[in-house]
Amino acid sequence: MVASHAGLSADALDTLRRQHIELPSWAFGNSGTRFKVFGQPGVPRDPWEKIADAAEVHRLTGVAPTVALHIPWDRVDDYGALAAHARDLGIGVGTINSNVFQDDDYKLGSVTNPEPRVRRKAIDHLLACVDVMDATGSRDLKLWFSDGTNYPGQDDLRARQDRLAEALREVYARLGEHQRILLEYKLFEPAFYATDVPDWGTAYAHCLELGERAVVCVDTGHHAAHTNIEFIVAFLLRAGKLGAFDFNSRFYADDDLMVGAADPFQLFRIMYEVARGGGLATDTGVAFMLDQCHNIEPKIAGQIRSVMNVQEATAKALLVDAEALDAAQRAGDVLGANAVLMDAYNTDVRPMLAGLREEQGLDPDPMAAHARSGYLERVVAERKGGTQAGWGA
Ligand code: PSV
Ligand code: MN
């Protein structure tokens, strides 16, 4: 053990070595706001190229071994071949994200739409996503519904919950033995009055009704301002219902900025509750995914930075002296307990993580290694012609 590891137990170091952060395929494609999408040279033109970029992030960081797909943004003829392509590049296909929010039919909702035909269409898409999972060997199906209403009285709130529950039941019944539903919630947008799965409580209640293999996905950008996200994390972990994170950060709404950029202290507090609740154990079942857009910064570098931000927050969380904290808490030592957490948060873990990377044969500075690698220059030269990937089906 090198000196820079001081403070972290052998177990904690092991946890950091085998950390697994999942990348979103869509982070490598073009994205933007409703005002403008700025293209970037070298952006992938298809899912195969997105996977190549994700593999590059893993090659440099060593902790991003899977990439999540979004259907139909990542539609291909042969998903088995796409998974094999990922394997050839040293990574795997992770969560399959469904998309029932980009079709004219879904104007008034997908699985909660008042029209049975539209509900059927949406459910059929979700079932088709499970077929994709069978082909890629994915464990998780992520469900996010943009469903909701814009005006009071527009539709029956209670009936929409019934329709949602019915759709979820049908999809749950189609899952393979080792597959799970990750039910994601979001306070608002695109619905501005009432969203059908607006918060963790609604997601949790539906997951409880469904059964063991339905768990909640916490997207860190999907809460009201000032929500205590770490409390939600602690609660869901205790209940065995924390399935996944969609990490990103926000200043205002669902900004999808790099995780740990807006509020690194919040990310630390979240990771502390994850560690405290056993969410970093080998058999944890908690998936740590990024769900971000790199609208103005370079995408591959943005993903590398994000992965490192999660690593740093995790290392700090693991540095918390559990015994000292417990003693201070039991003694009612308010300032002492707070100081134990702050000592960990204020530790510069970057040299220690650089040392860990070196031990694993990686460059201690993945950002610099990426800049030196010539990867971006190569793909900029190669990816001429065709249409750059974006949020279109
Ligand atoms: C919705 O805002 C969301 O967070 C869901 O996870 C979607 O699938 C994803 O964004 C698309 O970026
Ligand atoms: Mn999300």
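FYI, it's all coordinate maths here, none of it is from the lab. Only a predicted model underlies this, so the values are computations on that prediction, with no experimental measurement involved. Because the Cβ atoms are built from the backbone with ideal geometry, glycine has one as well, and the counts that use them run over all protein chains shown.
Annotations for the structure displayed:
- Selection within the range 170-193 - away from ligand 2 (no atom under 16 Å from the Cβ), touching a residue at least 12 places away in the same chain (Cβ under 8 Å) and either in a loop (DSSP other than H, G, I, E, B) or more than 24 Å from the chain's Cα centre (by Cα) (or both): E170, L175, G176, H178, Q179, F192, Y193
- Scope the range 194-204; condition part of a loop (DSSP other than H, G, I, E, B) and surrounded by fewer than 19 Cβ atoms within 10 Å (Cβ to Cβ); matching residues: P198, D199
- Selected residue (criterion: nearest to V215 (Cα to Cα)) from residues of the range 257-285 that are within 16 Å of ligand 1 (Cβ to nearest atom) and touching a residue at least 40 places away in the same chain (Cβ under 8 Å): V259
- Within the range 213-247, if we keep just the residues that are within 16 Å of ligand 1 (Cβ to nearest atom) and of a type in the set (S, T, N, Q), the residue that is farthest from the chain's Cα centre (by Cα) turns out to be T227.
- Failed item, numbered, when T66 is tested on (1) free of Cβ contacts under 8 Å to residues at least 40 places away in the same chain; (2) surrounded by fewer than 22 Cβ atoms within 10 Å (Cβ to Cβ): (1)
- Some residue of the range 301-317 being of a type in the set (A, V, I, L, M), surrounded by fewer than 22 Cβ atoms within 10 Å (Cβ to Cβ), within 16 Å of ligand 1 (Cβ to nearest atom) and in contact (Cβ under 8 Å) with a residue 12 or more places away in the chain: no
- Some residue of the range 274-295 being over 19 Å from A27 (Cβ atoms) and of a type in the set (D, E): yes
- Residue within the range 126-144 that is more than 16 Å from ligand 2 (Cβ to nearest atom), touching an Asp or Glu at 6+ places or on another chain (Cβ under 9 Å) and either among the polar types (S, T, N, Q) or outside any helix (DSSP H, G or I) (or both) present: no
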